[in-house]
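A quick write-up on the structure given underneath.
The values are calculated or read from the model by the stated rules, or taken from the named source; none is laboratory data. All figures in this text were calculated on a predicted structure; none of them were measured in a lab. In this analysis, Cβ positions are derived from the backbone assuming ideal geometry, glycine residues included, and neighbour counts consider all displayed protein chains.
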Amino acid sequence: MTTTQVHHVFIRATADEIWEAITSPERTSKYFFGTTIEIAPGLRSSRGPGGEDWGTDAVLEFDPPRRLVHEWKSVYDEELAAEPASRVTWEITPQEGGTMCLVTLTHARLEASPKTAADVSGAGWMYVLSSMKTLLETGEGLPRELRRREPPRPRRASGARGRRGIMVG
């Protein structure tokens, strides 16, 4: 399992709008699996979709609207919560005169947290980033019924043979 995961997405929104979406509980609940997350200098707190307390994490860097670094503990699952904290870095880089930004999310320090690494890889962070992008560009996050589903796996084209067959999505 990869111990550092890096994800990128371009979003047609200003850095300030993206920063608000990342740090405001009113916004996170619309794209982050129904979770309300509040972030301020020094502290990140989260509550599950039913209002359950999912704990607090240290905020290590708070540089609006450019960079946010915080610890990550997956307390929504008992097995994951037993693993050590990892680290999430959000970087917002304005493009095209500031009307669009590149958001880079890096989830690191996963060496001692293999179950957390598996849980957040693949559809985990990609869903969060895609739903945030959709919310900021259209006013609505992605549908809830799609949350936590794995993306479809590539399949071989009909007639493909051997290990080097053509993959189609």
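The test for being under 19 Å from GLY122 (Cβ atoms) and in contact with a Ser or Thr (Cβ under 7 Å, 6 or more places away or on another chain) holds for TRP72. The residues on offer are GLY48, GLY34, and the sole one that is in contact (Cβ under 8 Å) with a residue 24 or more places away in the chain, within 21 Å of ALA118 (Cα to Cα) and in contact with a strand residue (DSSP E or B) (Cβ under 8 Å, 6 or more places away or on another chain) is GLY48.
Exactly one residue out of VAL88, VAL75, VAL120 is among the aliphatic types (A, V, I, L, M) and at pLDDT 95 or above: that is VAL88.
When the residues of the range 1-47 are filtered to those that are of a type in the set (Phe, Trp, Tyr) and out of contact with any Gly (no Cβ under 6 Å at 6 or more places or on another chain), the one that is farthest from LYS133 (Cα to Cα) is PHE33. Any residue in the range 9-19 that is among the aliphatic types (A, V, I, L, M), in contact with a Lys or Arg (Cβ under 6 Å, 6 or more places away or on another chain), in a strand (DSSP E or B) and under 23 Å from ARG144 (Cα atoms)? Within the range 9-19, one or more residues are among the aliphatic types (A, V, I, L, M), in contact with a Lys or Arg (Cβ under 6 Å, 6 or more places away or on another chain), in a strand (DSSP E or B) and under 23 Å from ARG144 (Cα atoms). Evaluation of ALA118 against the conditions (1) closer than 22 Å to PRO49 by Cβ; (2) over 13 Å from the mean Cα position of the chain (by Cα); (3) surrounded by 17 or more Cβ atoms within 10 Å (Cβ to Cβ) shows that the sole unmet condition is (3). Looking at the range 76-92, which of the residues that are assigned to a strand (DSSP E or B) and in contact (Cβ under 8 Å) with a residue 40 or more places away in the chain is surrounded by the most Cβ atoms within 10 Å (Cβ to Cβ)? Among those that are assigned to a strand (DSSP E or B) and in contact (Cβ under 8 Å) with a residue 40 or more places away in the chain, it is ILE92. Once the range 20-31 is narrowed to residues that are in contact (Cβ under 8 Å) with a residue 24 or more places away in the chain and outside any helix (DSSP H, G or I), the residue that is surrounded by the most Cβ atoms within 10 Å (Cβ to Cβ) is TYR31.
Once the range 128-145 is narrowed to residues that are in a helix (DSSP H, G or I) and over 21 Å from ASP16 (Cα atoms), the residue that is modelled with the highest pLDDT is ARG144.
Residues in the range 95-115 that are farther than 27 Å from THR14 by Cβ, surrounded by 16 or more Cβ atoms within 10 Å (Cβ to Cβ) and of a type in the set (A, V, I, L, M): LEU110 alone. Comparison of SER74, SER131 shows that the only residue that is under 13 Å from the mean Cα position of the chain (by Cα) and more than 20 Å from GLY55 (Cβ to Cβ) is SER131.
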